[in-house]
Amino acid sequence: MFGDVMHGAFILAFALYSIYYGKPGGSGIASAVYPLRNFLLLMGIFATFCGFCYNDYTSIPLYLFGDSCYYFVEGEPTAHMKPDCVYPIGVDPTWFLAT
């Protein structure tokens, strides 16, 4: 399953291309996937949405809503949470630093 913004956007773009340019019974890749066009469209939309929820763009965290809710003190192996901090949508982008 693709759960990041880039892969979802590629699938979405390919699905839109096959919807606009694909013809049943024609030649080319858009016509070959014509029966799957709606499935690919939904798959691209939801994969992009999941990528925003995971805050993930090809394994690179997205800091769309500012800084993280955690701060690091040099010399300590753990992060400290800022008081009353809630990340607005998705997973906090520092999830990839978890051990």
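Computed from the coordinates by the stated procedures, all read-outs in this text should not be read as laboratory data. Note that the coordinates shown come from a computational prediction; the quantities given were computed from them, not determined experimentally. Every residue, glycine as well, gets a Cβ built from its backbone with ideal geometry; the counts of neighbours run over all protein chains shown.
Along Cα→Cβ, 7 Å out, is where each label goes; now give me the distance between the ones at TYR17 and THR78 in nm to one decimal. For TYR17 paired with THR78, the spin-label model returns 4.9 nm. Labels on offer are (i) 1.01; (ii) 0.93; (iii) 1.22, and the one holding Rg/Rh (Cα atoms, Kirkwood Rh) computed from this structure is (iii).
Helix content alone sets the calculated 222 nm mean residue ellipticity of the chain: runs of n ≥ 4 DSSP H residues at -39500 (n - 2.57) each, divided across all residues, give -12500 deg cm²/dmol. Distance between the 7 Å Cα→Cβ label points at SER31 and VAL86: 5.4 nm.
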